[in-house]
Amino acid sequence: MYDITADYHTHTIYSHGKGTIEENVQAARTRGLKKIAISDHGFGHIGYGIKKGDVQKMREEIQRLNEKYDDIEILLGIESNLVGLDGNIDIPEEYFDKFDIILMGFHKGAMPASCKDALSLFGRNMMAKLLSEKQREELRYINTFSMIKAMDRYPIDIITHPGAKIDIDSRLLAEKAAQTGIALEINASHGFMTADYVKIALEQGATFVINSDAHTPDRVGVFDLGIQIAREAALPPEAIINSRLF
């Protein structure tokens, strides 16, 4: 039912991954993929983010590999981080055109944009289990609208693992995704979006992408859990941007 031909979310030794760019590419080719994105963690991810000085080095390596392999297209991407209540992400504007594809998600290990963001966005989400039901509901909308603001401000292509790191309103996020043409990721590592989230998002007209979020080459192109979620949600293949039928 699903023929996934691209993996847009893979990590390498340039951030939190264990393999080289070429090892990820070779794994993708072995699995018959036609496209792969090297989308390492954003600059602001503490301890794991791409170094700005490595971007050109990565670009040159990817260019060389695209010339070496004619059976797969290799993209330079980045998994940027939401770092502010105002939708701020950890990519300076002058770097946008350096990437072929931009992913964006929330990671608790990213550097907040300000002290206010550290307390109101990161701090509250780290303490979410200790909050009252009313406070958690308020936080859910803060999280959601922070992501929506980022979707309005930046040339984002994919929202990674929505709902996996912070609670969000899947309906509101999906409405914005449908309006902006941003795909929502069904993550084959985290198991998000859940089938229930997918069903709600599909009702809003959102499109989806099934990615591996591989941190080792052997996980590149492994979509089993993502496909299972898509099946449970009865997601039509034409709603998946990396399906052959799209």
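Structure summary
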{"quantity": "Residues located in the range 16-55, provided they are among the acidic types (Asp, Glu) and surrounded by fewer than 21 Cβ atoms within 10 Å (Cβ to Cβ)", "calculated": "Glu22, Glu23, Asp54"}
{"quantity": "Tally of residues being farther than 20 Å from Asp71 by Cβ and either part of a loop (DSSP other than H, G, I, E, B) or open to solvent by 10 Å² or more (accessible area, probe 1.4 Å) (or both) across the range 1-10", "calculated": "2"}
{"quantity": "Residues of the range 135-160 satisfying the condition of being part of a helix (DSSP H, G or I) and touching a residue at least 60 places away in the same chain (Cβ under 8 Å)", "calculated": "Ser146, Met147, Ile148, Lys149, Ala150, Met151, Asp152, Arg153"}
{"quantity": "Selection from the range 2-26 of residues that are over 30 Å from Ala234 (Cβ atoms) and touching a Leu at 6+ places or on another chain (Cβ under 9 Å)", "calculated": "Ile21, Glu22, Val25"}
{"quantity": "Qualifying residue in the range 149-160 (condition: farther than 19 Å from Gly77 by Cα and touching a strand residue (DSSP E or B) at 6+ places or on another chain (Cβ under 8 Å))", "calculated": "no"}
{"quantity": "Per-region count, the range 120-138, residues more than 19 Å from Gly84 (Cα to Cα), open to solvent by less than 80 Å² (accessible area, probe 1.4 Å) and not polar (S, T, N, Q)", "calculated": "1"}
{"quantity": "Pair list, Cβ < 8 Å and 6+ apart or interchain, from the range 200-215 residues that are acidic (Asp, Glu) to residues that are part of a loop (DSSP other than H, G, I, E, B) and modelled with pLDDT under 95", "calculated": "Asp213/His190"}
{"quantity": "Yes/no for Ile74 being hydrophobic (A, V, I, L, M, F, W, C), at pLDDT 95 or above, open to solvent by less than 80 Å² (accessible area, probe 1.4 Å) and under 16 Å from the mean Cα position of the chain (by Cα)", "calculated": "no"}
{"quantity": "Residues being under 21 Å from Gly32 (Cβ atoms) and not small (Gly, Ala, Ser) - total across the range 188-214", "calculated": "5"}
{"quantity": "Ile166 vs. criteria crowded, with 21+ Cβ neighbours inside 10 Å, in a loop (DSSP other than H, G, I, E, B) and among the β-branched types (Val, Ile, Thr)", "calculated": "yes"}
{"quantity": "Evaluation of Tyr141 against (1) open to solvent by 60 Å² or more (accessible area, probe 1.4 Å); (2) in contact with a helix residue (DSSP H, G or I) (Cβ under 7 Å, 6 or more places away or on another chain); (3) hydroxyl-bearing (Ser, Thr, Tyr) (one fails), failing number", "calculated": "(2)"}
{"quantity": "Residues within the range 196-224 that are crowded, with 17+ Cβ neighbours inside 10 Å and assigned to a helix (DSSP H, G or I), tallied", "calculated": "7"}
{"quantity": "Residues located in the range 216-238, provided they are farther than 15 Å from His9 by Cβ, small (Gly, Ala, Ser) and touching a residue at least 40 places away in the same chain (Cβ under 8 Å)", "calculated": "Ala230"}
{"quantity": "Residues (within 15 Å of Gly32 (Cβ to Cβ) and in a loop (DSSP other than H, G, I, E, B)) located in the range 225-246", "calculated": "Asn242, Arg244"}
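For every residue, the table says whether it meets (1) charged (D, E, K, R); (2) without any contact (Cβ under 8 Å) to a residue 40 or more places away in the chain; (3) on the phi > 0 side of the Ramachandran plot.
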position: Phe106; (1), (2), (3): no, no, no
position: Cys115; (1), (2), (3): no, yes, no
position: Leu121; (1), (2), (3): no, yes, no
position: Glu133; (1), (2), (3): yes, yes, no
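The values are calculated or read from the model by the stated rules, or taken from the named source; none is laboratory data. The structure presented is a predicted model; accordingly, all values stated were derived computationally and were not measured. Don't worry about glycine lacking a Cβ; one is built from the backbone with ideal geometry, like all the others, and counts go over all protein chains shown. For accessibility, only protein heavy atoms count, side chains too; no ligands or nucleic acids. Shrake-Rupley method; radii C 1.70, N 1.55, O 1.52, S 1.80 Å.
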